[in-house]
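Only one structure is covered here, and it is reproduced in the block below.
The values are calculated or read from the model by the stated rules, or taken from the named source; none is laboratory data. These numbers come from a predicted model, not from an experiment. With ideal geometry, Cβ positions are generated from the backbone for all residues, glycine too; neighbour counts draw on all protein chains shown.
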Amino acid sequence: MIRFFLRSLGLWILAAGFIFLVYDGTKTIASNALFVTRIKDVWSSVHQTSMLSLQPTLEGVAGFLWNPVMTTILDQPIELLFLVVGVLLLLLGRKRRPMIGYGRD
């Protein structure tokens, strides 16, 4: 049951990444300039206060977590995030390979 849930969630997240890829592609074609939707743009449009409260929290834990680490992650394209998360969920939900040479009880 958990494997099915992980696989289906992974496929939905990959589909969302593909939707963002098509969205960025159409905006790029329409404007004749490269257009990329960043993670911080989507996160700030969905829930701005949680993104703003993340910075003091990470700087309180360790100062280097915000500036080089989290800002680099937030500047990546949203398609890349959805691709990585979707593939990880699909790998976690895959079926086990049968063991060769061993009898199953």
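Worth a mention:
- Only one of 59, 79 that is of a type in the set (Asp, Glu), in a helix (DSSP H, G or I) and modelled with pLDDT under 90: 59
- Filtered residues of segment 20-33 (kept if surrounded by 13 or more Cβ atoms within 10 Å (Cβ to Cβ) and over 12 Å from the mean Cα position of the chain (by Cα)): 21, 23, 24, 27, 28
- Count - residues of segment 46-105 that are within 22 Å of residue 15 (Cβ to Cβ), of a type in the set (Gly, Ala, Ser) and surrounded by fewer than 10 Cβ atoms within 10 Å (Cβ to Cβ): 0
- Here residue 19 does not qualify as in contact with a helix residue (DSSP H, G or I) (Cβ under 8 Å, 6 or more places away or on another chain) and in a helix (DSSP H, G or I).
- Residue check, residue 43 of a type outside the set (S, T, N, Q), outside the structural domain of residue 3 (by TED's automatic domain parsing), in a helix (DSSP H, G or I) and closer than 30 Å to residue 3 by Cβ: yes
- Set side by side, the residues 46, 36, 87 differ, and just one is in contact with a strand residue (DSSP E or B) (Cβ under 6 Å, 6 or more places away or on another chain) and modelled with pLDDT of 90 or more, which is 36.
- Among the residues of segment 1-19, just one is surrounded by fewer than 11 Cβ atoms within 10 Å (Cβ to Cβ) and either within 30 Å of residue 67 (Cβ to Cβ) or without any contact (Cβ under 8 Å) to a residue 24 or more places away in the chain (or both), namely 1.
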